[in-house]
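Enquirer: Pasting a structure here, questions to come.
The values are calculated or read from the model by the stated rules, or taken from the named source; none is laboratory data. No experiment lies behind these values; they were computed from the predicted model shown. Glycine gets a Cβ as well: all are built from the backbone with ideal geometry, and neighbour counts include every protein chain shown.
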Amino acid sequence: MTSPTGSVLFLTNSELGQCNVALAVAEEFLRRGDFNVHFASFRAAAPLVQEMNTRTDTVYPVEFHEIWGPNMTDLAVRSKIGLLYHRPGMKGATEGLTKVSNAMSSWKSTEYARAYRTCLEIIEKVRPAVVVIDPILHLGLDACENITARKVILWPVPIKDVVVLDQPKAGVLWKYPVTGSGYPFPLPWKLVPANAYLVLRVGMTLACAKSATDKQDPEKTEEQRSPFPLRSAYTKDVLNLTPAFHEMDFPFRVPNNVISCGPIVRQCQPLAVADPGLNEWLQKPTILISLGSHVKPSEDVAVQMAKGIRKMLYEYPEMRVLWKLRYDWESSMTFQNVLGAHITAGSVLVTPWIQPDIMSVLNTGHIVAYVHHGGANSYFEACKVGVPQVVLPQWLDTYDCATRVEWLGIGINGSRTSAPGADAIEFAKALIQVLRDANMRLKSNAMKTLCSKTEGRVMAHDQIVEFCSME
């Protein structure tokens, strides 16, 4: 392998939902060996980078650079907003927006200034040919405002979140449902006033937000710098890469500098290699349930879902269910009474974590439906393998996902009346519908065909390299 001559720097948040695409593309750069790869994030991401170095075992490993300061999870914890759960509708969306604003407001201005300088110091040390930035890492966007290196925004989300503010005739107000609202698409005229109000409410909340009070020794005063107002990540003068094809979202006018790469997922081992025991169990048609790394269902939600699964199994007794459940179900007699017999019989496998990559499980071909919370990574994974989706939305963009799968005909909202919770009857109907609906399977399979045109991480790598070489 020839020695790399240039460097690429990834600047990203440390939460998996945000950094997964950066890890996938960084790993592609690592395997190619054409650039020195640098990865800057908060401390929580260090083990992820170390794991990437271990699994690739290349001559020139990724160098990790720690961004000083609290990550998104830390901000949420110390602002005491709890989890982001909220109901759909005007009141629920407003609640979700307020929680996000409160979390961001917990930045202290001098604290933000120090974290900002950390990013600048990393950029100055690495002197990259290109900086690949997470659009939610406002520190990174702020630090990259005036650098000479080329900049690429690597979006982990569908096209809506990239271009919705750039639509003709103020379409953001009347055409597209506001994130967190759960409103349908196309947006009915009766909901346009509420939708427009929410758009304006978002703008006012972000424009008027301020950092937390920062008490300190006057002799130790640092430069005052605030993350507010939050800058828009999309700009017309940088390359924007998204995992979504146009056919995977609502219809939009998409600028030429927004490139669709296809689902960006990490290269993974076959399940037979990664987890032979799970692979041996997974030899029949199976419903996969994985509600994301942050979702911890309550007793009531877990039991309602269990009842829905039991009802589905009455209709499809040969079906299996693999359920990643972050809940102590073994200590709950109520849960055991509902699903214990099916667990004992081996038709339901409940585990607190699925160790192999989810794509290793999906790629087996035995998954016939994917139940998830509506996170972008889960949505793209399901599209890539062509399985129908049941979305149980919890917050903000997850409500968009539930609306999106129904608009495209590739899934169903499994908790329309009960979100962010669950209702046994509603959930059971959703499971049975995706198993029975042949048209939904055809449309899901067509999505698989679409996604097979490219390998997202490879496309992203190639686009970045080409962008670097432009005069």
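Enquirer: Buried (at least 19 other Cβ atoms within 10 Å of the Cβ), in contact with a strand residue (DSSP E or B) (Cβ under 7 Å, 6 or more places away or on another chain) and closer than 30 Å to ALA424 by Cα: is that true of THR242 in this structure?
Expert: Criteria not met by THR242.
Enquirer: Still on this structure, I have one more. Given the structure, is PRO128 in contact with a strand residue (DSSP E or B) (Cβ under 6 Å, 6 or more places away or on another chain), within 22 Å of TYR379 (Cβ to Cβ) and outside any helix (DSSP H, G or I)?
Expert: So PRO128 does not fit the description; no.
Enquirer: A follow-up question, please. Evaluate the following for ARG441: is it within 21 Å of PHE250 (Cβ to Cβ), modelled with pLDDT of 95 or more, in the same structural domain as ASN377 (by TED's automatic domain parsing) and not aromatic (Phe, Trp, Tyr)?
Expert: Against the criterion (within 21 Å of PHE250 (Cβ to Cβ), modelled with pLDDT of 95 or more, in the same structural domain as ASN377 (by TED's automatic domain parsing) and not aromatic (Phe, Trp, Tyr)), ARG441 does not qualify.
Enquirer: Run down SER101, SER106 and say which single residue is under 24 Å from GLY203 (Cβ atoms), more than 22 Å from the chain's Cα centre (by Cα) and crowded, with 18+ Cβ neighbours inside 10 Å.
Expert: Testing whether each residue is under 24 Å from GLY203 (Cβ atoms), more than 22 Å from the chain's Cα centre (by Cα) and crowded, with 18+ Cβ neighbours inside 10 Å leaves just SER106.
Enquirer: Filter the stretch 36-52 for residues that are in a helix (DSSP H, G or I) and touching a residue at least 12 places away in the same chain (Cβ under 8 Å); which is nearest to ALA115 (Cα to Cα)?
Expert: Looking at the filtered set, the residue picked out is ARG43.
Enquirer: Do the conditions hold for ARG43, that is, is it over 21 Å from LYS151 (Cα atoms) and either touching a strand residue (DSSP E or B) at 6+ places or on another chain (Cβ under 6 Å) or at pLDDT 95 or above (or both)?
Expert: Taking the combined requirement at face value, the residue satisfies it.
Residues are listed down the side, and each one gets a yes or a no for (1) touching a Gly at 6+ places or on another chain (Cβ under 7 Å); (2) among the charged types (D, E, K, R); (3) more than 19 Å from VAL458 (Cα to Cα); (4) in a helix (DSSP H, G or I):
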{"position": "VAL8", "(1), (2), (3), (4)": "no, no, no, no"}
{"position": "VAL59", "(1), (2), (3), (4)": "no, no, yes, no"}
{"position": "VAL77", "(1), (2), (3), (4)": "no, no, yes, yes"}
{"position": "HIS86", "(1), (2), (3), (4)": "yes, no, yes, no"}
{"position": "LYS91", "(1), (2), (3), (4)": "no, yes, yes, yes"}
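Enquirer: While we're looking at this one, here's another question. For the structure I just gave you, tell me whether TYR112 is modelled with pLDDT under 95 and not charged (D, E, K, R).
Expert: Taking the combined requirement at face value, the residue satisfies it.
Enquirer: Only one of LYS443, LYS429 is more than 25 Å from the chain's Cα centre (by Cα), in a helix (DSSP H, G or I) and of a type in the set (D, E, K, R). Can you tell me which?
Expert: LYS429
Enquirer: Which of the following residues is among the acidic types (Asp, Glu) and modelled with pLDDT under 90: GLU124, GLU145?
Expert: GLU145
Enquirer: Go through the stretch 423-439 residue by residue and tally those that are in contact with a helix residue (DSSP H, G or I) (Cβ under 7 Å, 6 or more places away or on another chain) and surrounded by 22 or more Cβ atoms within 10 Å (Cβ to Cβ).
Expert: 4
Enquirer: Moving on. Check off (1) closer than 28 Å to MET470 by Cα; (2) surrounded by fewer than 22 Cβ atoms within 10 Å (Cβ to Cβ) for LEU173 and give me the number that stays unchecked.
Expert: (1)
Enquirer: If you check GLU27 against the conditions, is it closer than 28 Å to ASP357 by Cα, among the charged types (D, E, K, R) and either outside the structural domain of ASP400 (by TED's automatic domain parsing) or in contact (Cβ under 8 Å) with a residue 12 or more places away in the chain (or both)?
Expert: yes
Enquirer: Residues of the stretch 360-386 being in contact (Cβ under 8 Å) with a residue 60 or more places away in the chain and not in a helix (DSSP H, G or I), which ones?
Expert: If the condition is that a residue be in contact (Cβ under 8 Å) with a residue 60 or more places away in the chain and not in a helix (DSSP H, G or I), then ASN363, THR364, HIS366, ILE367, VAL368, ALA369, TYR370, VAL371, HIS372, HIS373, GLY375, GLY386 are the ones that fit.
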